[in-house]
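Undergrad: Before I ask anything, let me first share the structure, which is written out below as structure tokens.
The values are calculated or read from the model by the stated rules, or taken from the named source; none is laboratory data. Small disclaimer: the values here were computed from a predicted structure and weren't measured. Counting neighbours? That spans all protein chains shown, and the Cβs are built from the backbone with ideal geometry, glycine included.
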Number of protein chains: 2
Amino acid sequence: MSPKITTELLKQLRQVMKNPKYVQEPVQAYIVPSGDAHQSEYIAPCDCRRAFISGFDGSAGTAIVTEQHAAMWTDGRYFLQAAHQMDNNWTLMKMGLKDTPTQEDWLVSVLPEGSKVGVDPFIIPADQWKRMSKALRSAGHDLVPVKENLIDTIWTGCPQRPCKPLITLDLSYTGISWRDKIVALRSKMAERKVMWFVVTALDEVAWLFNLRGSDVEYNPVFFAYAVIGMNTIRLFIDGERMMDPSVREHLQLDSTLEPEFKIQVMPYGSILSELQAVGAGLSPKEKVWLSDKASYALTEAIPKAYRYLTPYTPICIAKAVKNAAETEGMRRAHIKDAVALCELFNWLEKEVPKGTVTEIIAADKAEEFRSQQKDFVELSFATISSTGPNGAIIHYKPVPETNRTLSVNEIYLLDSGAQYKDGTTDVTRTMHFGTPSAYEKECFTYVLKGHIAVSAAIFPNGTKGHLLDSFARSALWDCGLDYLHGTGHGVGSFLNVHEGPCGISYKTFADEPLEAGMIVSDEPGYYEDGSFGIRIENVVLVIPAETKYNFKNRGSLTFEPLTLVPIQTKMIDVNLLTEKERNWVNEYHRKCREVVGAELERQGRHEALRWLLRETEPLARVQ
Amino acid sequence: MSPKITTELLKQLRQVMKNPKYVQEPVQAYIVPSGDAHQSEYIAPCDCRRAFISGFDGSAGTAIVTEQHAAMWTDGRYFLQAAHQMDNNWTLMKMGLKDTPTQEDWLVSVLPEGSKVGVDPFIIPADQWKRMSKALRSAGHDLVPVKENLIDTIWTGCPQRPCKPLITLDLSYTGISWRDKIVALRSKMAERKVMWFVVTALDEVAWLFNLRGSDVEYNPVFFAYAVIGMNTIRLFIDGERMMDPSVREHLQLDSTLEPEFKIQVMPYGSILSELQAVGAGLSPKEKVWLSDKASYALTEAIPKAYRYLTPYTPICIAKAVKNAAETEGMRRAHIKDAVALCELFNWLEKEVPKGTVTEIIAADKAEEFRSQQKDFVELSFATISSTGPNGAIIHYKPVPETNRTLSVNEIYLLDSGAQYKDGTTDVTRTMHFGTPSAYEKECFTYVLKGHIAVSAAIFPNGTKGHLLDSFARSALWDCGLDYLHGTGHGVGSFLNVHEGPCGISYKTFADEPLEAGMIVSDEPGYYEDGSFGIRIENVVLVIPAETKYNFKNRGSLTFEPLTLVPIQTKMIDVNLLTEKERNWVNEYHRKCREVVGAELERQGRHEALRWLLRETEPLARVQ
């Protein structure tokens, strides 16, 4: 991996930073954040501006270019990668280290007095703008919005914004029509006394209209905004795709409808001017609801007194609680996904000893088996296929330079998932194709104990997921071990594999309480640098729990695993399990056998079925 | 309990709210918060202004009086009490209920346009002022500081501010001299590049100078402020007490000292003018460090650009980590405290069946036994002595109207503690003097399992206490039970029984990480309204833990119980304990026997010793 040479690009950028064609006044610094205009986690190639200007293409990082300097802030996952990908025009700012300055402090230390710092107001979230603007102002500088994105002005060959066809989802997938979702949203708006709601997150637009797209890899979303009024619906979206008869039919664009359900389709690029018009026409007490992560540009379109900002939107919260149709779809998707993985692991068991299977081949094979399943659309994220020391790199993705061959001597970790029309999967299994050492088994068993502690936990209604995080770590902590990532994230229903507002992590306090119907991952791990990585991940559904008592009539919750893929018993040191834990494993494997076994049988996949039966033999009681 | 008649008082208050002798311009509303000028949890009688004006004397509440209204905000613990104690001039604002307005919203709804809202700037913390002032300003009103406290102007017979003699603590108690504490503080100040540090919390002043007082009941503190410069020390304190030769000697007031250790003693009331002088004399980049909970008055004395505010001060953090002398002192105090409780429980076992022991008698007896111990100073909080349904009232304190007689048919809960010159104790035991029901034993055993889960937990260095809270609840949750309070609080060393910056609670995310030497309580419970309450509380010391592995060389921590009082085995359903839990109980009781037994022997308390031996018989393994 050789660094990108950026000398010429930086020169060009510094020129446009002073060019009156693009800036009202010269800016002495220009900030290039990671995101897109929708604050997406995964972004389209045309939005990879920070990677273009710097060469560093990790998922998190902010570049700041001044007349003299170019600096990149990123976190511990990417220190090595960023150092490799950037040339020496760039200074790497290692976030999380004690001596690393914040972006604001650094700017204040390098800028001449009274500087202007530019940023694309569509890319920076309003809350971030506010923080940075305040810090700069108190040091005598100004954060200024630069309408035209300055990277785009120098990016020759910038890819076009994708505009792919849409998929319509009928009631059998969504459980609720888009009309009913609009009705529910308007009732939430009425509760809070707001007149308008601005949908800025791509997955929220997709969910609201029961549409899917493929504008962003792995995330079945499409570039669009929506503005919902009490009597109007405006959808901001480009391209031919709105000419598709099935989409027109789905959205009833050509039907005579009550006016409050008539969708006005408008160009994607007109969102700002339309929102400004809304903002200008508000009467006193008419509020507009926005996410506090919405872009500065859109937030500013609404005068401050009229804004109603919340960290989680009512769509985000409604979307997280899956209805019966979505839950059933997720179940089906996970059964199909398990079929594909039984095939894969059976195949790997035969092929790995031959020494011909690399991490990339294994990942491709996993995709191949998944793609044979009904309603398969694409993967839900880049497959983490890692063996031996690569397994210890938590966000590893095999590339030719790092691609390792699987062997009977090393642990193999596969974290993968897919988008099916009926659901999204995300599963991690850690396997050994030879004989694991006692130490590897010991570590695996602690991770398994943590996985079970969360999966089998019973907790009161209203409990936030972060309160369960320590359960996943307790067995590791007892032996002085730990893992440096959260335990779980929300999972979309044929939507983003990571979604809010719930999760299981020591890192946040702002998650929404878990409720029945929410779906999260349960994925503790253990990583030994330079040796191996272990992670056991199921996607689990929050369900009501039956308990002996019922304090204050609050009711209790627990989890039901949706993922039904055997956990390799060869890796388990049964002596370290309690009876309750052993029973959990046996019951889990009984269910895999019953449910996935039936589907393997139905699909005539007899060899994989035999593998499943072998792998789900009950653990014997230790004498 | 009849309500206080406040008609005349409110009339007087409304007059002074318009009296130019006290206010520059009339104020249309006056806020009376709970606290004192040091944001103390426990306050002196002269600071009970909210209780004086309203009659409501619970520990938390804010009164607001306007020309037309008088309203009191308090939380669920006090709804009943406040309703009983206040006459119908007052509206009770039940905090935590959905329809209860915030103070700001209520003010905005009742005030005429452009109103002034007054408050004593010494009583309101700066962070609270900021929030309230912003909300009022955005509605066209003004929050204004009223120098003279308006309650004091109408409070005839207001008690004097206490000014009791001081206790000096020598190195055998404190481990570090006040000079060395000043040196350490100045080095923290140098690290953060601040020139001045303002000590506003009473326990921080006491800790810094190795002095104790008795100005506030239960808290061995005295009214004082301190301002520490890089070369100066100013102590703001009133009264004869600084004439005491032992205090003068302790503070070396009459010695020739290096000037940077020379303490300038100044009147308590001169803090504001002195701080204003400091504020006026600052050169650029000279910062002044204050707690963000310091009063608005003191915070405003320093121009905004020069303030350095943190939620926890370096003294608060240093004070929390006990040194060897303090730890040894705490151990001694807890042994003496255990001797007193063995005596008490032995006495109760004999007396309760006679039907003559009330909650108040039991509490008094506990104090009597404690007061026989060496270095006993006072109780560390009002004893919670509660039997039967009173046990379910979490913050219960027996008064004649509620005083119940202990019996062999009801559970008895005693939460009590004392201040000894060598340490502070806080212990809860739940006992049955007859035969507990199976259900009572079951609930007790879940609480015990939670207590053990925290006490025996092993966790990485750097872990915050809130991450351990769910361990205490897991056994209760499994059966649909829970308790509605946090699990633990920091405990001072012959200082406040509640102190920051650490604790074990689901409610906070802002606690500082636990480190070896910190001392917290571990006190899960279970409360059944109208029937009984169960709580098991030990004070525990954070100590390094030996673990099999040591991930990233972080090291691990665990807890050592300082409290050594038997846990009533009669209340335990041994069938519900794991072997590990049973071993924990037996090992705990072995230690109680060994350590407290030796002290009972030494003090010639043979009957109590026999009680201890009986109560610490090992639990038998269940067949």
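Undergrad: When you go through (1) assigned to a loop (DSSP other than H, G, I, E, B); (2) without any contact (Cβ under 8 Å) to a residue 40 or more places away in the chain; (3) within 27 Å of residue A:485 (Cβ to Cβ) one by one for residue A:113, which number turns out not to apply?
TA: (3)
Undergrad: Still on this structure: Please verify whether residue A:456 is in contact with a helix residue (DSSP H, G or I) (Cβ under 7 Å, 6 or more places away or on another chain), farther than 29 Å from residue A:173 by Cα and among the small types (Gly, Ala, Ser), treating the condition exactly as stated.
TA: No: the conditions fail for residue A:456.
Undergrad: Kindly indicate which of A:150, A:169, A:136, A:143 is crowded, with 16+ Cβ neighbours inside 10 Å and within 25 Å of the chain's Cα centre (by Cα).
TA: Numbers: A:150 fails: within 25 Å of the chain's Cα centre (by Cα); A:136 fails: within 25 Å of the chain's Cα centre (by Cα); A:143 fails: within 25 Å of the chain's Cα centre (by Cα).
That would be A:169, the only listed residue that is crowded, with 16+ Cβ neighbours inside 10 Å and within 25 Å of the chain's Cα centre (by Cα).
Undergrad: Something else: Can you tell me which residues in segment B:430-445 are facing chain A (nearest Cβ under 10 Å) and in contact (Cβ under 8 Å) with a residue 60 or more places away in the chain?
TA: B:442, B:443 - these are the residues of segment B:430-445 that are facing chain A (nearest Cβ under 10 Å) and in contact (Cβ under 8 Å) with a residue 60 or more places away in the chain.
Undergrad: List the number of the failed condition for residue B:541; all other conditions in (1) at pLDDT 95 or above; (2) surrounded by fewer than 20 Cβ atoms within 10 Å (Cβ to Cβ); (3) closer than 30 Å to residue A:526 by Cα hold.
TA: Unmet condition: (2).
Undergrad: Between a residue in segment A:492-515 that is in contact (Cβ under 8 Å) with a residue 40 or more places away in the chain and surrounded by fewer than 23 Cβ atoms within 10 Å (Cβ to Cβ) and any residue that is among the charged types (D, E, K, R) and in a strand (DSSP E or B), which pairs come within a Cβ distance under 7 Å, given they are 6 or more apart or on different chains?
TA: Pairs that qualify, where the first residue is in contact (Cβ under 8 Å) with a residue 40 or more places away in the chain and surrounded by fewer than 23 Cβ atoms within 10 Å (Cβ to Cβ) and the partner is among the charged types (D, E, K, R) and in a strand (DSSP E or B), are A:511/A:464; A:513/A:464.
Undergrad: While we're here: Of the conditions (1) surrounded by fewer than 23 Cβ atoms within 10 Å (Cβ to Cβ); (2) part of a helix (DSSP H, G or I), residue B:207 clears all except one; give me its number.
TA: In the conditions (1) surrounded by fewer than 23 Cβ atoms within 10 Å (Cβ to Cβ); (2) part of a helix (DSSP H, G or I), residue B:207 misses (1) alone.
Undergrad: Another question, then. Run residue B:400 past the list (1) farther than 16 Å from residue B:529 by Cα; (2) buried (at least 23 other Cβ atoms within 10 Å of the Cβ); (3) not acidic (Asp, Glu) and report the number of the one that doesn't hold.
TA: Only one criterion is unmet by residue B:400, namely (2).
Undergrad: If you don't mind, there's one more thing I want to ask. Check A:137, A:161 and return the single one that is touching a Cys at 6+ places or on another chain (Cβ under 6 Å) and not assigned by the TED database to the domain that holds residue A:310.
TA: Every option except A:161 fails the conditions.
Undergrad: Counting only residues that are β-branched (Val, Ile, Thr) and assigned to a helix (DSSP H, G or I), which one in segment A:574-623 is nearest to residue A:456 (Cα to Cα)?
TA: Top of the filtered list is A:585.
Undergrad: Another question, if that's okay. Quick one: which strands (runs of 3 or more DSSP E) lie wholly within segment B:503-568 and hold at least 1 residues that are within 25 Å of the chain's Cα centre (by Cα) and more than 14 Å from every other protein chain (Cβ to nearest Cβ)?
TA: B:519-522, B:532-535, B:538-545, B:556-561
Undergrad: Still on this structure: Counting just the residues of segment A:516-532 that are within 21 Å of residue A:564 (Cβ to Cβ) and of a type in the set (A, V, I, L, M, F, W, C), which one comes out surrounded by the most Cβ atoms within 10 Å (Cβ to Cβ)?
TA: The initial filter retains those residues of segment A:516-532 that are within 21 Å of residue A:564 (Cβ to Cβ), namely A:516-525.
Pick out the ones that are also of a type in the set (A, V, I, L, M, F, W, C) and you get A:516, A:518-520.
Values: A:516: 16, A:518: 24, A:519: 28, A:520: 26.
Restricting to residues being within 21 Å of residue A:564 (Cβ to Cβ) and of a type in the set (A, V, I, L, M, F, W, C), the top hit is A:519.
Undergrad: Okay, moving on. Out of the residues in segment B:332-366 meeting the condition of being acidic (Asp, Glu) and closer than 25 Å to residue B:539 by Cβ, tell me which one is surrounded by the most Cβ atoms within 10 Å (Cβ to Cβ).
TA: Here the residue is B:337.
Undergrad: How many residues are assigned to a helix (DSSP H, G or I) and either of a type in the set (S, T, N, Q) or not assigned by the TED database to the domain that holds residue B:27 (or both) when one looks only at segment B:60-110?
TA: The number of residues fulfilling the criteria is 4.
Undergrad: Continuing with the same structure: Are any of the residues in segment B:74-82 exposed (fewer than 15 other Cβ atoms within 10 Å of the Cβ) and under 29 Å from residue A:306 (Cβ atoms)?
TA: Checked against the condition, which is being exposed (fewer than 15 other Cβ atoms within 10 Å of the Cβ) and under 29 Å from residue A:306 (Cβ atoms), segment B:74-82 yields no hits at all.
Undergrad: Another question, then. Within segment A:469-488, restricting attention to residues that are crowded, with 24+ Cβ neighbours inside 10 Å and under 24 Å from residue A:319 (Cβ atoms), which residue is farthest from the other protein chains (Cβ to nearest Cβ)?
TA: The qualifying residue farthest from the other protein chains (Cβ to nearest Cβ) is A:488.
Listed here are the residues, each with its yes/no results for (1) in contact with a helix residue (DSSP H, G or I) (Cβ under 7 Å, 6 or more places away or on another chain); (2) on the phi > 0 side of the Ramachandran plot; (3) surrounded by 22 or more Cβ atoms within 10 Å (Cβ to Cβ).
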{"position": "A:31", "(1), (2), (3)": "no, no, yes"}
{"position": "A:53", "(1), (2), (3)": "yes, no, yes"}
{"position": "A:56", "(1), (2), (3)": "yes, no, yes"}
{"position": "A:84", "(1), (2), (3)": "no, no, no"}
{"position": "A:87", "(1), (2), (3)": "no, no, no"}
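Undergrad: Here's another thing I want to ask about it. Please count how many residues of segment B:579-609 are touching a residue at least 24 places away in the same chain (Cβ under 8 Å) and not aromatic (Phe, Trp, Tyr).
TA: 19
Undergrad: Identify all residues within segment B:450-468 that are crowded, with 24+ Cβ neighbours inside 10 Å and either touching a residue at least 60 places away in the same chain (Cβ under 8 Å) or among the polar types (S, T, N, Q) (or both); write none if there are none.
TA: Matches in segment B:450-468: B:450, B:451, B:452, B:454, B:459.
Undergrad: Select from segment A:244-275 the residues that are over 30 Å from the mean Cα position of the chain (by Cα), closer than 16 Å to residue A:165 by Cβ and assigned to a loop (DSSP other than H, G, I, E, B) and list them in ascending order.
TA: A:253
Undergrad: Give the residue, chosen from A:278, A:321, A:377, that is more than 21 Å from the chain's Cα centre (by Cα) and under 30 Å from residue A:176 (Cα atoms).
TA: Details: A:321 fails: more than 21 Å from the chain's Cα centre (by Cα); A:377 fails: more than 21 Å from the chain's Cα centre (by Cα).
Among A:278, A:321, A:377, only A:278 is more than 21 Å from the chain's Cα centre (by Cα) and under 30 Å from residue A:176 (Cα atoms).
Undergrad: Next up: Among (1) under 22 Å from residue B:108 (Cα atoms); (2) surrounded by fewer than 21 Cβ atoms within 10 Å (Cβ to Cβ); (3) within 19 Å of the chain's Cα centre (by Cα), there is one condition residue B:69 misses while meeting the rest; what is its number?
TA: (3)
Undergrad: Of these, B:303, B:353, B:314, which one is out of contact with any Leu (no Cβ under 9 Å at 6 or more places or on another chain) and touching a residue at least 24 places away in the same chain (Cβ under 8 Å)?
TA: Result of the check over B:303, B:353, B:314: B:353.
Undergrad: Here's a follow-up. What number of residues in segment B:8-21 are within 24 Å of residue B:89 (Cα to Cα) and in a loop (DSSP other than H, G, I, E, B)?
TA: Here the count works out to 3.
Undergrad: May I pose another question? Can residue A:219 be described as without any contact (Cβ under 8 Å) to a residue 40 or more places away in the chain and either assigned by the TED database to the domain that holds residue A:281 or surrounded by fewer than 16 Cβ atoms within 10 Å (Cβ to Cβ) (or both)?
TA: Judged against the criteria, residue A:219 is not a match.
Undergrad: Quick test for you: out of B:499, B:440, pick the one residue that is over 23 Å from the mean Cα position of the chain (by Cα), closer than 30 Å to residue B:360 by Cβ and acidic (Asp, Glu).
TA: Criteria check complete, one pass: B:440.
Undergrad: Sticking with this one: Give me the residue from segment A:454-468 that is out of contact with any Pro (no Cβ under 9 Å at 6 or more places or on another chain) and more than 7 Å from chain B (Cβ to nearest Cβ) and, out of that set, nearest to residue B:478 (Cα to Cα).
TA: A:457
Undergrad: So which residues in segment B:210-243 are assigned to a loop (DSSP other than H, G, I, E, B) and more than 21 Å from the chain's Cα centre (by Cα)? Outline the logic, then answer.
TA: Of the residues in segment B:210-243, the ones assigned to a loop (DSSP other than H, G, I, E, B) are B:210, B:213-215, B:217-218, B:220-223, B:230-232, B:238-239.
Residues satisfying the conditions are B:230, B:231, B:232, B:238, B:239.
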